[in-house]
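To start, the structure under review is shown below, and the notes come after it.
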Amino acid sequence: MTTPIKVFLLDDHEVVRRGVAALLEAEPDIEVIGEAGTAAQAVARVPALRPDVAVLDVRLPDGDGITVCRELRSRMPELACLMLTSFTDEEALVDAVMAGASGYVLKQIHGSDLVGAVRTVAAGGSLLDPSSTAQILQRLRERPRKDPLAALTEQERKILDLIGGGLTNRQIGERLFLAEKTVKNYVSSIFTKLDLHRRTQAATLITQLKANESRTLPGE
C-alpha cells in the first residue's frame, strides 16, 4: 500500500470542515490528520503534524489563509497549500501565488474535483492554469516597485541600518549623538511601522534589502 496523503484543514466554519473532511476521508489514499478554525491554531498545529497538504480557507476571523500559507511554507517549504475560498478575488489569487500556494479553488468546486486538487498539489502539481499564471506574472511585472521602508523617516532609516549592523541602542546613540532613550523611542517607532518584534528581524530585513539591491543594479 502507498502512504496516504496527509491533509490538514483550516476553515472557521465547522460544518464546512466536517464536510470536506468526510469527503477526503472517504478516499483510500487520503487521510485528514488535523483541523483548525483559526489562523493561530493552524500555525501552531501544522508544523507538529507535518501534513503533505494544507487546505486553507482564505478568509478567517483572526487573519487570512494566505498569511498562514506564507508562514507555514517558511517553516515547511515542502508543504503544498491549497487555498479554498467562497470569493473570486484576483488580488487574493496574486497574493496566494506570491505566498507559495500550489492551488486556488472555490468552495463551489465539485467534491471529486476537490479530491483531485488535493492529489494534484500533493504530487507537486499546480492548479493554476497557464493563462491565469501568465496574467498574474504580467500584473507582477507591471506593479511599481514599492519601497518597503517608505513609512520611515530619514533618521529612522539610519537607525534601522545601524540595527542591521548589530549596534546596541547605546552604540547607535553615540554614533548619531542621540540620547539612549531617544534611540529607544526611534526603535519602537520603526518596529511598529514595519511590524517587527525583535532586532534579529530588523537585521534580517536589512540583509534581504541589500541582497535585493545587489540583484537590481543598473544594466538589468
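The values are calculated or read from the model by the stated rules, or taken from the named source; none is laboratory data. Quick caveat: nothing in here was measured; it's all calculated off a predicted structure. Quick reminder, even Gly has a Cβ in these numbers, built from the backbone with ideal geometry, and neighbours come from all protein chains shown. Ligands, DNA and RNA are excluded from the accessible area calculation, which covers all protein heavy atoms including side chains. Shrake-Rupley method; radii C 1.70, N 1.55, O 1.52, S 1.80 Å.
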What are the pairs with Cβ atoms under 8 angstrom where one residue, in the stretch 154-168, is free of Cβ contacts under 8 Å to residues at least 60 places away in the same chain and the other, located anywhere, is part of a helix (DSSP H, G or I) and aromatic (Phe, Trp, Tyr)? Sequence gap at least six, or different chains.
Gln155/Tyr186; Glu156/Tyr186; Ile159/Tyr186
If we keep just the residues of the stretch 151-170 that are of a type in the set (Val, Ile, Thr) and not in a loop (DSSP other than H, G, I, E, B), which is nearest to the chain's Cα centre (by Cα)?
Ile163
Listed residues Leu93, Leu9; which is modelled with pLDDT of 95 or more, open to solvent by less than 60 Å² (accessible area, probe 1.4 Å), among the aliphatic types (A, V, I, L, M) and assigned by the TED database to the domain that holds Gly125?
Leu9
Where Ser102 falls short, out of the listed (1) among the polar types (S, T, N, Q); (2) at pLDDT below 85; (3) touching a strand residue (DSSP E or B) at 6+ places or on another chain (Cβ under 9 Å)
(2)
Residue by residue through the stretch 186-202, note down the ones that are surrounded by 13 or more Cβ atoms within 10 Å (Cβ to Cβ), over 16 Å from Ala150 (Cα atoms) and either modelled with pLDDT of 95 or more or of a type in the set (D, E, K, R) (or both).
Arg199
